[in-house]
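Student: Got a structure here, written out as structure tokens. Questions coming.
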Amino acid sequence: MTNTASPEDFLRAFHAQRPAVTAEAFGGGRAPDGRSSYELLCDRVAGSRRVLDLGCGDGLLLELLARDDGPRLAGVDLSPQSLAAARRRPLPAGTRLVAVRAQELPFADGEFDACVSHLALMLMGEVEQVAAEIARVLVPGGTLACVVGGGPVGGEAFERFGRLLKRAVDEAPASSRIPPLGDRRTRSRAGLEEILRPVGFGPVHWQTVPIDLGGPVARVWDAVSGFYELGPLDTATVARLREDFFADVADLTTPEGTVPCGFTVHLAAARLR
């Protein structure tokens, strides 16, 4: 996994080694109301009978969507290993899981009422083509809802980890850096509207939500160490980064042994006109 790989090849290789990394890192995070970002995303498409999960990973979001009564579900992902993990979840009979690029969806026009994507749309190249494919497979009035990454909560462990990671990456050879991933426009409301409007979507509804990943320092490390930037780093560099992180957050540790760690996500939704 070096910077000579294409973004998609890098993502395939990374998720071959850690097929459930996103769910492991963020599935335990909680918004102020006690729900995860996955559960918040489910709410945006509540009542939809046919739902496509774009970049479904190990299927955690699909499993949560399946709690509704009788939805027809489908998921696509670049990683066969992640999809293998998804197939082990209790999903409805007939759920389609396909290893395919989001730019070339193998579904009929108007096959879905809703499309969801959790921390995946922001990683995709050729995002205008992705948007066109989403619009094609949705019915008129269908909903696209996604979670995209925000930033750290100031003064907490996530922010400190980001500084340490940047230093480690800056000191590493160029061959240990990841290729550029995704389109920055997906991370802002205006940018996402710029992508979606030409293919027929209406205004983007945008909500920024803080997510709490706090806990024992080892558990917090397990969450933040799932970032893609760690993938190409050698084991000695990662071990040193872990040691530096534990030392740097020692002053944040509460008497109960927990470390505050917060970041924000953006919940975005738009309806196809």
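The values are calculated or read from the model by the stated rules, or taken from the named source; none is laboratory data. Just so it is clear, the model here is predicted, and its values are computed rather than measured. Note: ideal-geometry Cβ built from the backbone for every residue, glycine included; neighbour counts use all protein chains shown.
Student: Go through the stretch 242-258 and give me each residue that's touching a residue at least 24 places away in the same chain (Cβ under 8 Å) and either within 25 Å of ALA120 (Cβ to Cβ) or of a type in the set (Val, Ile, Thr) (or both).
Tutor: VAL249, THR253, THR258
Student: With of a type outside the set (A, V, I, L, M), under 20 Å from VAL148 (Cβ atoms) and either assigned to a loop (DSSP other than H, G, I, E, B) or touching a strand residue (DSSP E or B) at 6+ places or on another chain (Cβ under 7 Å) (or both) as the only criterion, which of ARG35, ARG67 stands out? Break it down into steps so the answer makes sense when it comes.
Tutor: Values: ARG67 fails: under 20 Å from VAL148 (Cβ atoms).
Checking each option against the conditions leaves just ARG35.
Student: Please go through the stretch 139-159 and give me each residue that is within 21 Å of the chain's Cα centre (by Cα) and either of a type in the set (A, V, I, L, M) or assigned to a helix (DSSP H, G or I) (or both), ordered by number.
Tutor: Scanning the stretch 139-159 gives LEU144, ALA145, VAL147, VAL148, VAL153, ALA157, PHE158, GLU159.
Per-residue answers, yes or no, for (1) of a type in the set (S, T, N, Q); (2) crowded, with 18+ Cβ neighbours inside 10 Å; (3) outside any helix (DSSP H, G or I); (4) at pLDDT below 95:
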site: PRO198; (1), (2), (3), (4): no, no, no, no
site: THR208; (1), (2), (3), (4): yes, no, yes, no
site: ILE211; (1), (2), (3), (4): no, yes, yes, no
site: ALA223; (1), (2), (3), (4): no, yes, no, yes
site: GLU243; (1), (2), (3), (4): no, no, no, no
site: PHE246; (1), (2), (3), (4): no, no, no, no
site: ASP251; (1), (2), (3), (4): no, no, no, no
site: HIS266; (1), (2), (3), (4): no, yes, yes, no
site: ALA269; (1), (2), (3), (4): no, yes, yes, no
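Student: Let me ask you something else. Residues ALA5, ALA85, ALA74: which one is among the small types (Gly, Ala, Ser), surrounded by 15 or more Cβ atoms within 10 Å (Cβ to Cβ) and at pLDDT below 95?
Tutor: Details: ALA85 fails: at pLDDT below 95; ALA74 fails: at pLDDT below 95.
Result: ALA5 is the single residue among ALA5, ALA85, ALA74 that is among the small types (Gly, Ala, Ser), surrounded by 15 or more Cβ atoms within 10 Å (Cβ to Cβ) and at pLDDT below 95.
Student: Let me ask something additional. Quick check, is GLU229 touching a residue at least 40 places away in the same chain (Cβ under 8 Å) and either part of a loop (DSSP other than H, G, I, E, B) or more than 24 Å from PRO32 (Cα to Cα) (or both)?
Tutor: Numbers: touching a residue at least 40 places away in the same chain (Cβ under 8 Å): yes; either part of a loop (DSSP other than H, G, I, E, B) or more than 24 Å from PRO32 (Cα to Cα) (or both): yes.
Against the criterion (touching a residue at least 40 places away in the same chain (Cβ under 8 Å) and either part of a loop (DSSP other than H, G, I, E, B) or more than 24 Å from PRO32 (Cα to Cα) (or both)), GLU229 qualifies.
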